[in-house]
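Asker: If you scroll down you'll find the structure; I have some questions about it.
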Amino acid sequence: MEIFCSLGRKALLQGKACQNSLAVAKQVSCRTFLTGTCRSQQLSSNSRANPGRPGCLPRTPCGSFFESFYTGSFLPHRLLSDARSNVPPSAEFVARPVGVCSMFKLPIQNSAEGLDVAFVGVPLDTGTSNRPGARFGPRHIRAESSLMRLFNPSTGADPYHSLVAADIGDVNVNLYNLKDSCRRIREAFQKIVTQGCVPLTLGGDHTITYPILQAMAEKHGPVGLVHVDAHTDTGDKALGEKIYHGTPFRRCVDEGLLDCKRVVQIGIRGSSYTQDPYKYCRDQGFRVVLAEDCWMKSLVPLMAEVRKQMGDKPVYISFDIDGIDPAYAPGTGTPEIAGLTPSQALEIIRGCQGLNIVGGDLVEVAPMYDASGNTALLGANLLFEMLCALPQVKRT
């Protein structure tokens, strides 16, 4: 901490670094960031323009605060992002590995207060039926998300200048009690949605979508659902238990959380225990799109139909990474061959643009089964696409 001048230290520790100081930092050239050289004239003029303002840095000679700040060993996370609009820092000026690991290198805060969008992790895999490990999904998705940049040129989306977003950390789940974890998740998301914030969730196994939708339905009423998965997750029970990652949407139907005429499940495939494993879904009014009906084709026409089906009422997106073929996303607990491609996944999420999206999740990333990190990277990209598809996002 000795690298800071006393006033600079005080401003940082009190969390009151002013916007003018940030503006000065932005005026400093790329060379300043990389070499620590600065212009005392810029700093001096800023100080004269703001005498006595709390948190402002005084007239400072070259080689003190900003030089130390950008070349020193300590770079506070809160100043890695624009303080006004929560715009992630560019890798042109701040190295990707630098800073506390957060989703898209966004600021971290303790609640959804003041946010339009909150990224929240739910590190739970107690509900898995095959390979565990999804509890580590949020951590690895965050790490891989540092590769993402600000804009989406393909869709014209400018999310960070349209919405205030931040990472609000993880739900404190109970790894030894699945029902208690569901209660904790429900209560956490009730707080998020009552603050008028759209949650985008990093899972965690698919059990987590059930308590999330409990909170969603409490605010919005029964919601439509765009569900991408290899499995319908509408089982009734297994080993005597009615809550695990194979049952969330059955429980949602039981509790009236879904508008069943506005539910579409895409990418469904795999062997089954019954001759007609999709009967329950169709009996509820779900549209079930099998993976083989998606092979070797664009899903743009399908999503045009889905948009008509969803209308202008609230819609939730739930994306199980095992909906993608394991050739692209091996890091998951229940892989099924012959799934969707990443480009089809983009078509699905981009096809949700224009819908009244009230939340979304990306679940079942189990990083230890993919040493390359590509599954978590794909998950981060899909969450970025969800962010870009939100109705409040401006497009060029």
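The values are calculated or read from the model by the stated rules, or taken from the named source; none is laboratory data. Since the structure is predicted, the reported quantities are computational estimates derived from the model, not experimental observations. Don't worry about glycine lacking a Cβ; one is built from the backbone with ideal geometry, like all the others, and counts go over all protein chains shown.
Asker: Please go through (1) of a type outside the set (G, A, S); (2) in a helix (DSSP H, G or I); (3) closer than 20 Å to C182 by Cα for F104 and return the number of the only condition it doesn't satisfy.
Answerer: Unmet for F104, out of (1) of a type outside the set (G, A, S); (2) in a helix (DSSP H, G or I); (3) closer than 20 Å to C182 by Cα: (3).
Asker: Same structure again: If you go through the stretch 107-127, how many residues are in a loop (DSSP other than H, G, I, E, B) and under 20 Å from L150 (Cβ atoms)?
Answerer: Adding up the residues that qualify gives 4.
Asker: Something else: Can you tell me which of T396, T341, T375 is out of contact with any Lys or Arg (no Cβ under 8 Å at 6 or more places or on another chain) and at pLDDT below 95?
Answerer: Every option except T396 fails the conditions.
Asker: In the stretch 268-301, what count of residues is obtained for those that are without any contact (Cβ under 8 Å) to a residue 24 or more places away in the chain and not in a strand (DSSP E or B)?
Answerer: The total comes to 13.
Asker: Within the stretch 127-145, is even one residue over 13 Å from I208 (Cβ atoms), crowded, with 20+ Cβ neighbours inside 10 Å and among the polar types (S, T, N, Q)?
Answerer: yes
Asker: Does the stretch 87-98 contain any residue that is polar (S, T, N, Q) and modelled with pLDDT under 95?
Answerer: yes
Asker: Another one. Can you tell me how many residues within the stretch 352-396 are in contact (Cβ under 8 Å) with a residue 24 or more places away in the chain, aliphatic (A, V, I, L, M) and in a loop (DSSP other than H, G, I, E, B)?
Answerer: 4
Asker: Would you be able to tell me the number of residues in the stretch 113-130 that are out of contact with any Ser or Thr (no Cβ under 9 Å at 6 or more places or on another chain) and either over 24 Å from L178 (Cβ atoms) or among the hydroxyl-bearing types (S, T, Y) (or both)?
Answerer: Going through the stretch 113-130 one residue at a time, the tally reaches 4.
Asker: Test I192 against the stated conditions and say whether it is closer than 30 Å to Q344 by Cα, in contact with a helix residue (DSSP H, G or I) (Cβ under 9 Å, 6 or more places away or on another chain), touching a residue at least 60 places away in the same chain (Cβ under 8 Å) and assigned to a helix (DSSP H, G or I).
Answerer: So I192 fails the test.
Asker: Given the residues A304, A327, which is the only one that is surrounded by fewer than 15 Cβ atoms within 10 Å (Cβ to Cβ), assigned by TED's automatic domain parsing to the domain that holds N130 and not in a loop (DSSP other than H, G, I, E, B)?
Answerer: Going through A304, A327 in turn, the sole match is A304.
Asker: Which numbered condition trips up D283, out of (1) surrounded by fewer than 20 Cβ atoms within 10 Å (Cβ to Cβ); (2) under 30 Å from V164 (Cβ atoms)?
Answerer: (2)
Asker: Looking at the stretch 229-257 only, could you name the residues that are assigned to a strand (DSSP E or B) and crowded, with 22+ Cβ neighbours inside 10 Å?
Answerer: If the condition is that a residue be assigned to a strand (DSSP E or B) and crowded, with 22+ Cβ neighbours inside 10 Å, then no residue fits.
Asker: Quick check, is S318 assigned to a strand (DSSP E or B), polar (S, T, N, Q) and at pLDDT 95 or above?
Answerer: When the stated conditions are applied, S318 passes them.
Asker: What are the residue pairs meeting all of these: first residue in the stretch 217-228, first residue closer than 14 Å to C352 by Cα and surrounded by 21 or more Cβ atoms within 10 Å (Cβ to Cβ), second residue at pLDDT 95 or above and acidic (D, E), Cβ atoms under 6 Å, and 6 or more apart or on different chains?
Answerer: Short answer, once both residue conditions are applied: G224/D259.
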